[in-house]
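Following: one structure in structure tokens, then a few remarks.
Taken together, the values in this text are just the output of simple stated rules run on the coordinates, not laboratory data. All figures in this text were calculated on a predicted structure; none of them were measured in a lab. Please note: Cβ atoms are built from the backbone with ideal geometry, for glycine as well, and neighbour counts cover all protein chains shown.
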Amino acid sequence: MRKTRWVERHSCLETFGQLYEHVVTCLDDMVNPHIYPEVNENLWNRDNNTKHMTRGSKSCLQSFGVIVGFTVLKNSLDYLKGLSAKLQRSDIGVFNVYTIIDNIKSEIQCFRGDIAVEFEKWYDEAKQLDSYIGTEEEKLRVPRV
């Protein structure tokens with residue numbers, strides 16, 4: 001049976017957020033090697049299927065909706081990182097787990113009470129990431145009520 005390291009999944013989101021701009025640049029180089037002459041042209045296998053898949057991935061990562069979604073996911077799951085780390089320990093008792101869960105529930109309830117302020121911070125973070133990769137903010141669709 002394979003052990004799951006949930007904390008590493010949280011860390012992966014943080015690392016991907018830090019490297020987001022560079023991942024998009026790398027994908028751009030794979031699709032448009034002439035823009036990056038300093039990179040060896042023979043570095044990438046540029047068959048049509050690879051180019052097609054790379055264009056799709058790059059387009060997805062440059063979508064403002066995906067950037068906002070990624071930012072919200074990363075920041076939302078950050079509340080669970082401490083719990084994940086503690087649940088992986090073999091010496092933690094059930095009472096301690098329930099206490100930690102109650103504390104996290106309280107944090108999330110406070111967070112939900114002030115969601116507009118919190119989301120504004122996250123939205124600003126998404127806009128900053130959006131400006132790093134050179135795309136423009138799109139107005140997100142708002143459903144009619």
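Listing for the model above:
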| read-out | value |
| --- | --- |
| Partners for K105 among lysines (Cα-Cα distance below 30 Å; same-chain residues under 8 apart left out) | K3, K74, K81, K86, K121, K127 |
| For the chain, built as a Gaussian network whose Cα springs stay under 10 Å, the top-fluctuating residue of E120, E38, E21 | E38 |
| Geometric extent, Cα atoms of the chain - Rg, Dmax (angstrom) | 19.8, 60 |
| Ranked T135, T54, criterion: other C-beta atoms within 10 Å, fewest first | T135, T54 |
| HN-Hα J in Hz across segment 98-105 - Karplus 6.51, -1.76, 1.60, θ = phi - 60°, x for Gly and Pro | 4, 5, 4, 4, 4, 5, 5, 4 |
| Segment 62-145: radius of gyration and largest Cα-Cα distance (Dmax), Å | 16.8, 50 |
| Relative contact order (%) - segment 6-132, alpha-carbon pairs under 8 angstrom, separation at least six | 34 percent |
| Mean separation of Cα contacts under 8 Å, 6 or more apart, over the residue count of segment 62-145: relative contact order % | 56 percent |
| Segment 6-132, dipole about Cα centre (Lys/Arg Cβ +1, Asp/Glu Cβ -1), debye to the nearest 20 | 400 debye |
